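The values are calculated or read from the model by the stated rules, or taken from the named source; none is laboratory data. For clarity, every value in this text was computed on a predicted model and none was experimentally measured. Methodologically, a virtual Cβ is constructed for each residue, glycine included, from the backbone with ideal geometry; neighbour enumeration extends over all protein chains shown.
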Amino acid sequence: MNATAPASAAITEQIDERDRGGKRQPMLIADKLKKYFPIRSGVLQRQVGEVKAVDEVSFAVLKGETLGIVGESGCGKSTLARLLMHLIPKDSGDLIFDGDPVGGVRGITLRELRRNMQMVFQDSYSSLNPRLPVQDSIAYGPRVHGMDYKDARKLAADLLDKVGLRAAMFGARYPHELSGGQKQRVNIARALALNPRMLILDEAVSALDKSVEAQVLNLLAHLKREFNLTYLFISHDLNVVQYISDRVLVMYLGQVVEIGPVDDIYNAPRHPYSRALLESRLSMDPAQRVIEPPISGDPPNPINPPSGCRFRTRCAFAEDICASSTPLLGAVSTQNHFVACHMASAGSGHSKAGLAH
Amino acid sequence: MPLDAAVMERPVKATVKAQPLVDVRDLSVKFVSRESTNSAVNGVTFDLMAGEVLCIIGESGSGKSVTMRALMKLLPPNRTKISGHMRVGAHDITKMSESDMRAIRGSQISMIFQEPMTALDPVYTIGDQIAETVMRHEHCSRAEATARALELLQLVRVPSPERRLKAYPHELSGGLRQRAMIAVALSCKPDLLLADEPTTALDATVQIQVLVLLRKLQQELGMAMIFVTHDLGVAAQIADKVAVMYAGRIVEYGRVSDVLMHPQHPYTLGMLASTVHGNMRGQEIEAIPGSPPDLRRPIQGCSFTPRCKFAVKDCLQASPPVVQLDNGQYAACIRAGKGAMPAAPQA
């Protein structure tokens, strides 16, 4: 974990009295998380199949960093976020928050986890209660956790000011009276109300217009410093992820295909899928148009994913070995860069194994 | 009409090219309700040659989709006040009756939408939906129409088209659904294709496939296209000409390379600066402050003034003049063409 230490050390130098595991302890470790959704059909509702939404996903989020998760729709990135928040029950796997297992005998409770880890969703309108003024929406969490009404309202007003909405002007408004960007600011304020240590941002800026998106990204960078936060930033927008992340995780059909420092992934992606994804970015220069799409076809259905490597049906380098054995995440060149591809592991049996690209 | 016949016809069209295919003059659209009047489009003027691609760029509420729907006459007539002049080919859209409109929708002007799942009918197969349009406009038999549908699915590069002909929309992936919708839209070889954010809901790897396909088909069929998007990268990929809309007006217009590389209007400049690139890591993004104006209230002077970093007192006096540049580019800003505009950020 040395390569990412400088980025995180600068932040954890400030002493955070909520810290339990020390600065080397990752904020969150997910170990072999798994979620299959059953598909039932017929009169008896017998199970006829399952959607392998998240399949043995393991990763760690370091203290003070921003981990970006990218992938196409249906790759399981939102299911993963919901599993981390325990909004849907996991099938198997473990979660360790700052050294404490979640829900274990010696660990922290779900209530404590949710106090420490909060989430912001994509749809800013449907995640606010339409019948509560936004200040009350923000004060709701602290009140549930035992704060009295007056203090909670005061806290909500402070937070509204912090996210750039004047509390005197906006506090009493209802969600429908705010624009998309303003509503998303309220959602961020609400997520901060319990003084969490980590935020999960699930496509939090995707529905916003470009100029508003830039405002909210600036706000997120500012809040991260002020509240000493760790971010898990999920998005399909590769430019935004590159801008905000320290490390990036690439998902494909419920599995991690590549994870590493942002510059390594963007400058030298090792997985053919990461490469295709990055080549699909649009240039702002009309002279640099894409003539030939980097890959063809849509992501396959996660109900019956291909055997072996799940990307092989769209991969230009697929060989027999890719169908028969599943590639595992293995380290490449730099220490913190891992990729799940037979071509990256010498001796896998792939004809291009071990060759640099 | 077979494809090669369409190609043969094009030189004839080219000789009378002085006449643009689409001519929109001073188009205004107001939505009237009991409480308020919302001026969604305020005096939009543009024209488009046959075989050209125009991208209308703007944020939500800038009037870009309303302009398209006005061209197609899809806005609810009893709540909408449309003024100005719209012509497509030989048809004066403003004066046409609903039944005349129905005859040219699909045959001469077609439209594709952002969400293919809601634009396609869930209870008919893809083949039936393409064949329906062909039968309606070309009065041919079902067998002929189905054969055409198969050809069209091949044209939009749908893999195993015979099987997909009998598929229902829910059985297809997002990218295939969008291709099916393009097939429906192209079924009668329209002169003009209107595309309202057709790739916004798609994944990055699928978006680029659809954009490349649309550009190829547009060139092969010699069709004109108006493409609405909020993504400058999409415009850079597909457009010949670009119109930037703000608060119901076109604030800048020109060739795509001129507008994106040498913007003249502060709003275009702001859009370019606030589009995130990876190489901006660690820096504050130069966001446009504030939000777009409320179109229910009358606007005095330039509508961008409250958010503009170059604003001066004169901006609020009157609507800004349209400044024309030598390269055909124009901008509605009192500073346009005077230089001294900071260079656009490089992609």
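Of note:
- Residues that are over 17 Å from residue B:50 (Cα atoms), buried (at least 16 other Cβ atoms within 10 Å of the Cβ) and not small (Gly, Ala, Ser) within region B:76-92 comprise B:80, B:82, listed in sequence order.
- Residue, farthest from residue A:268 (Cα to Cα), within region A:334-357, restricted to residues that are without any contact (Cβ under 8 Å) to a residue 24 or more places away in the chain and loosely packed, with under 13 Cβ neighbours inside 10 Å: A:347
- Boolean, residue B:119 is over 24 Å from residue B:222 (Cα atoms) and in contact with a strand residue (DSSP E or B) (Cβ under 8 Å, 6 or more places away or on another chain): yes
- The residue of region A:204-235 that is farthest from the chain's Cα centre (by Cα), among those that are crowded, with 20+ Cβ neighbours inside 10 Å, assigned to a loop (DSSP other than H, G, I, E, B) and away from chain B (no Cβ under 13 Å), is A:229.
- Of the helices (runs of 4 or more DSSP H) lying entirely inside region B:166-241, the ones with 1 or more residues being under 11 Å from residue B:156 (Cα atoms) are found at B:174-186, B:204-221.
- Candidate set from region A:156-203 (those that are basic (Lys, Arg) and part of a helix (DSSP H, G or I)); member that is farthest from the other protein chains (Cβ to nearest Cβ): A:190
- Residues in region B:122-138 that are in a helix (DSSP H, G or I) and out of contact with any helix residue (DSSP H, G or I) (no Cβ under 7 Å at 6 or more places or on another chain): B:128, B:132, B:136, B:137, B:138.
- Selection within region A:258-290 - closer than 18 Å to residue A:61 by Cβ and more than 9 Å from chain B (Cβ to nearest Cβ): A:258, A:259, A:260, A:261, A:264, A:265
- Residue within region B:325-339 that is within 30 Å of residue B:49 (Cα to Cα), of a type in the set (S, T, N, Q) and in contact (Cβ under 8 Å) with a residue 60 or more places away in the chain present: yes
- Answer residue from region B:100-121, given it is assigned to a helix (DSSP H, G or I) and of a type in the set (Gly, Ala, Ser) and is surrounded by the most Cβ atoms within 10 Å (Cβ to Cβ) among those: B:119
- Residue within region A:305-322 that is surrounded by 21 or more Cβ atoms within 10 Å (Cβ to Cβ), within 14 Å of another protein chain (Cβ to nearest Cβ) and within 30 Å of residue B:178 (Cβ to Cβ) present: yes
- Residue list for region B:139-165, restricted to those being loosely packed, with under 14 Cβ neighbours inside 10 Å, under 28 Å from the mean Cα position of the chain (by Cα) and not in a helix (DSSP H, G or I): B:159
- When A:43, A:48 are checked against the criterion of being in contact with a Lys or Arg (Cβ under 9 Å, 6 or more places away or on another chain), β-branched (Val, Ile, Thr) and at pLDDT below 95, A:48 stands alone in meeting it.
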